[in-house]
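Asks: Take a look at this one; I'll ask things after.
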Amino acid sequence: MDDIILRAEKITKIYPGTVALDEVNFNIYRGKVNALIGENGAGKSTLMKILAGVEQYTDGTLLLNGKEIAPKSPREAESLGIGIIYQELNLFPNLSVSENIHMAHEITRGGMVIKHGEQEKRAAGLLARLEQPINPRTLVANLRIGQQQIVEIAKALSQEMQILIMDEPTSALSTSEVEILFRVIQELKAQGVSIVYISHKLDELLQIADYVTVLRDGELVAESPMEKVNLRWIVQSMVGHDTAVSYTPPKHDFGEEILRVENLTLERPGKVQAYLLDHVSFSLRAGEIVGIYGLMGAGRTELFETLMGLHPHAGGEIWLAGQKVEMKAAINQRIQTGMMLIPEDRQREGLVQTLSVSHNMLLASLRNYLARFYLSSAKEKANVDRLIKELAIKVSNPQNLISSLSGGNQQKVVVAKALLTSPKLLLMDEPTRGIDVGAKAEIFSIMSELAKRGLGIIFVSTELKEVMAMADRILVMAKGRITAEMSRLEATEQALVEASVIGHELIKTGV
Ligand SMILES: Nc1ncnc2c1ncn2[C@@H]1O[C@H](COP(=O)(O)OP(=O)(O)O)[C@@H](O)[C@H]1O
Ligand SMILES: [Mg+2]
């Protein structure tokens, strides 16, 4: 049995009218990643705020290394070695990255004068550890949400805590940023730091958690070492019962078949009889939105890459609007025939940060203008203005640098860029990752609108609820195969998760 650094015993928290926590027991194992999971409102953040001194419990006991504690403020929790990365961003937008990282922990000369130079050097070091070359003097207001989340993480790292709580730290991060965070978590573990990790992304938990505790409606449901449980157990504990979605899909008719994929295969390099894509077949009609759900490594990315022509050696057949697409056809040929991909990591692949909004939009479609309109700048301008209006992109002037826009508006520019190529089929990789709730809703309504105009849309998401809300039809992938297909009305969380773990080594006997 591993050593317990912090034990919460029968913690109850009552807010006026709500029992947020009802006699909850929670253990934090020393030097381990302790995952805390549960649906929205289960009480996860409340429990963590109590440990971090932000809130005080109504009843119960907290034991740190066997000694009772009752932190009355974040300051007091920090002095006990407990730090937290909050779910809501907690930064001062009008201060610099460095000032935020050192807030309430300034490096001073004689306790009076802040040594900005020294702070900036230290901030730069922390950001380098997180592989984010942000200038420490940048105002936080000028960072996109994902970068602000990284500054929160840097701030927490700067204080060398023995317990570090991370409340949904990856909600705004891209896949590559998540990988960097996971590497840092491994380093912290190796240094003996105990981590509490809250996330509703099940594939993240599989990757990093050592222990898992489940809360439901303010009550402890179960605690277990990760290796003793499987995904099915986690989902069942979280959800309690199976829930069907209650959305009414907006009614619109589908048109002709726009995409047909038959027996698409991609071999795993170096392995015989091992497939990254294992005989994938499906079709999509104009006006239809298909969501692909699957865990990391299911083959979602490879499917999009193969459709876009990045794997000329793939096997199988693809038809776009009735026309056969040769496997050897390169990406620009595929764009010309009407396929377009909106990549997940828009900072890296989707946008050129040093160009203006207008330039970024025109990047992919310049070929179109050259061929058809001899690069008419009037035409360009009209199209850019039209899309800024149609997609409600908040920018005062299209000549402004793309980096001055919020994450949600940058994502809309990526969509605009794709639309200027006049696609018939739009592939969207995690279209709402790293943008705020309001912008998510806007991206959803843009997707519906595009489908209504006859585009076929395939999107990939690791967020169950998003897939269930947005897709007319859902395909589940696991281990390179399509393991289930269901309409939005048939889909349940349980069925989706079950199909996503078919063939996974992690399916062990339940607890
Ligand atoms: N400051 C507060 N005042 C009143 N109720 C609150 C407050 N904070 C949280 N709650 C309630 O407590 C419950 C647990 O919330 P929370 O801990 O944020 O859940 P989770 O983080 O698991 O989504 C919810 O019903 C929420 O509405
Ligand atoms: Mg929460």
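The values are calculated or read from the model by the stated rules, or taken from the named source; none is laboratory data. In this text the structure is predicted, and so the values were computed from the model without any measurement. Here the Cβ is made from the backbone with ideal geometry for all residues, glycine too, and neighbour counts use every protein chain on show.
Asks: Of the residues Glu177, Glu187, which single one is assigned by TED's automatic domain parsing to the domain that holds Gly81, more than 16 Å from ligand 2 (Cβ to nearest atom) and in contact with a Leu (Cβ under 9 Å, 6 or more places away or on another chain)?
Replies: Within the list Glu177, Glu187, the selection yields Glu177.
Asks: When you scan segment 398-497 for strands (runs of 3 or more DSSP E) that lie fully inside it, which ones turn up with 3 or more residues that are surrounded by fewer than 19 Cβ atoms within 10 Å (Cβ to Cβ)?
Replies: Here the list reads 481-487.
Asks: Here's a check for you: in segment 50-79, which residue that is within 16 Å of ligand 2 (Cβ to nearest atom) and either surrounded by fewer than 22 Cβ atoms within 10 Å (Cβ to Cβ) or not assigned by TED's automatic domain parsing to the domain that holds Ala104 (or both) is farthest from Leu215 (Cα to Cα)?
Replies: Val54
Asks: Return the residues of segment 71-90 that are within 17 Å of Met161 (Cα to Cα) and either among the small types (Gly, Ala, Ser) or in contact (Cβ under 8 Å) with a residue 40 or more places away in the chain (or both); say none if nothing qualifies. Even if it seems obvious, please write down each step before you answer.
Replies: Within segment 71-90, the first condition is being within 17 Å of Met161 (Cα to Cα), and the residues that meet it are 71, 73-86.
Result: Ser73, Ala77, Glu78, Ser79, Gly81, Ile82, Gly83, Ile84, Ile85, Tyr86.
Asks: Can you give me the number of residues within segment 130-155 that are more than 20 Å from the chain's Cα centre (by Cα) and either assigned by TED's automatic domain parsing to the domain that holds Asn409 or at pLDDT 90 or above (or both)?
Replies: The total comes to 8.
Asks: Return yes when Lys115 is without any contact (Cβ under 8 Å) to a residue 60 or more places away in the chain, out of contact with any Asp or Glu (no Cβ under 9 Å at 6 or more places or on another chain) and of a type outside the set (A, V, I, L, M, F, W, C) and no when it is not.
Replies: No: the conditions fail for Lys115.
Asks: Being part of a loop (DSSP other than H, G, I, E, B), within 16 Å of ligand 2 (Cβ to nearest atom) and surrounded by 20 or more Cβ atoms within 10 Å (Cβ to Cβ) is the filter here, so list the residues in segment 154-170 that pass it. Before you say what the answer is, go through the steps one by one.
Replies: Looking only at segment 154-170, we keep the residues that are part of a loop (DSSP other than H, G, I, E, B), and these are 158-162, 168-170.
When the remaining residues are screened for being within 16 Å of ligand 2 (Cβ to nearest atom), the result is 168-170.
The answer is Pro169, Thr170.
Asks: Being part of a loop (DSSP other than H, G, I, E, B), of a type in the set (A, V, I, L, M, F, W, C) and more than 18 Å from Pro431 (Cβ to Cβ) is the filter here; which residues of segment 297-326 pass it?
Replies: Scanning segment 297-326 gives Leu310, Ala314, Ala321.
Asks: For Gln186, work out the one condition from (1) assigned to a helix (DSSP H, G or I); (2) in contact with a strand residue (DSSP E or B) (Cβ under 7 Å, 6 or more places away or on another chain); (3) of a type outside the set (Lys, Arg) it doesn't fulfil.
Replies: Only one criterion is unmet by Gln186, namely (2).
Asks: Which one of these does Leu143 not meet: (1) within 18 Å of Asn34 (Cα to Cα); (2) free of Cβ contacts under 8 Å to residues at least 60 places away in the same chain?
Replies: Failing condition for Leu143: (1).
Asks: Another question about this same structure. Go through segment 1-22 and give me each residue that's in contact with a Leu (Cβ under 8 Å, 6 or more places away or on another chain) and more than 11 Å from ligand 1 (Cβ to nearest atom).
Replies: Initially, segment 1-22 is screened for residues in contact with a Leu (Cβ under 8 Å, 6 or more places away or on another chain), giving 5-9, 11-13, 21.
Selection gives Ile5, Leu6, Arg7, Ala8, Glu9, Ile11, Thr12.
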